[in-house]
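K.L.:
Input: one structure, supplied below.
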Amino acid sequence: MTIDPDSFRSVLGRFASGITVVTTLDAERRDVGMTVSAFCSVSLGPPLVQVCVDHAASLHAALVRSTCYGVSILAAEQEALSRRFATAESTRRFDGIGYRRGETGVILLDDALAQLECRIVASHEVGDHTMFVGEVESAMARSARPLLYYRGGYAQLER
């Protein structure tokens with residue numbers, strides 16, 4: 001039995017997820033980034049995380065050719081950044097926003113809840129996405145509320 005895409009999306013929409021912006025450099029060393037909610041930890045030893053990216057996304061082509069990626073886990077006040085990086089690819093996504101470059105040159109967004117810099121150690125084709133597994137080489141976190149995505153919209157955690 002196969003579930004139809006609309007039902008599947010509706011069911012999975014009940015799972016609240018954090019929002020990240022994943023960044024890398026393309027073959028010409030240009031910055032590429034996209035909003036990604038398909039992010040999770042894989043292992044503590046070694047420290048591994050994964051991001052899943054649709055084959056049609058511009059970030060996908062860049063990650064296939066890259067050796068590293070950055071993950072900025074967004075804070076509650078960064079909804080505008082999430083929306084900016086979720087729109088159709090634009091060469092101006094990084095204009096006018098605060099960021100720093102990690103050791104590998106990938107962009108890490110200012111004021112993010114957390115930042116990770118990862119070396120790609122594996123990739124797996126899964127349906128219409130590729131799962132990119134990265135070993136975390138550096139990470140930082142700050143105290144703030146996370147930006148969440150739930151049932152097709154943004155939400156915030158109150159604690």
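K.L.:
Out of T104, T67, T24, T87, which single residue is without any contact (Cβ under 8 Å) to a residue 12 or more places away in the chain and over 10 Å from the mean Cα position of the chain (by Cα)?
P.N.:
T87
K.L.:
Report yes if A27 is out of contact with any Cys (no Cβ under 8 Å at 6 or more places or on another chain), modelled with pLDDT under 95, surrounded by fewer than 17 Cβ atoms within 10 Å (Cβ to Cβ) and of a type outside the set (D, E, K, R), otherwise no.
P.N.:
Considered against the rule, which asks whether it is out of contact with any Cys (no Cβ under 8 Å at 6 or more places or on another chain), modelled with pLDDT under 95, surrounded by fewer than 17 Cβ atoms within 10 Å (Cβ to Cβ) and of a type outside the set (D, E, K, R), A27 comes out as yes.
K.L.:
Oh, and also: Out of all the residues in region 10-19, is one or more closer than 27 Å to G152 by Cβ and of a type in the set (K, R)?
P.N.:
Taking every residue of region 10-19 in turn, at least one turns out to be closer than 27 Å to G152 by Cβ and of a type in the set (K, R).
K.L.:
Only one of (1) surrounded by fewer than 19 Cβ atoms within 10 Å (Cβ to Cβ); (2) touching a Gly at 6+ places or on another chain (Cβ under 7 Å) fails for T2. Which number is that?
P.N.:
Single failed check for T2: (2).
K.L.:
Among the numbered conditions (1) closer than 30 Å to S10 by Cα; (2) acidic (D, E); (3) touching a residue at least 24 places away in the same chain (Cβ under 8 Å), tell me where E125 comes up short.
P.N.:
Every listed condition holds for E125 apart from (3).
K.L.:
Can you tell me how many residues within region 107-122 are touching a residue at least 40 places away in the same chain (Cβ under 8 Å) and part of a strand (DSSP E or B)?
P.N.:
Number satisfying all stated conditions: 11.
K.L.:
Mind counting the residues in region 123-159 that are more than 24 Å from R84 (Cβ to Cβ) and either aromatic (F, W, Y) or assigned to a strand (DSSP E or B) (or both)?
P.N.:
The qualifying residues number 10.
K.L.:
Within region 78-99, can one find any residue that is under 26 Å from V121 (Cα atoms) and part of a strand (DSSP E or B)?
P.N.:
Yes, that holds for at least one residue.
K.L.:
Something else now. When region 90-101 is examined, which residues are found to be free of Cβ contacts under 8 Å to residues at least 60 places away in the same chain and either in contact with a Gly (Cβ under 7 Å, 6 or more places away or on another chain) or of a type in the set (G, A, S) (or both)?
P.N.:
Once the filter is applied, which keeps residues that are free of Cβ contacts under 8 Å to residues at least 60 places away in the same chain and either in contact with a Gly (Cβ under 7 Å, 6 or more places away or on another chain) or of a type in the set (G, A, S) (or both), region 90-101 yields S90, G96, G98.
The values are calculated or read from the model by the stated rules, or taken from the named source; none is laboratory data. Please read all numbers here as calculations on a predicted model, not as lab measurements. Cβ sites come from the backbone with ideal geometry, for glycine too, and all protein chains shown count toward neighbours.
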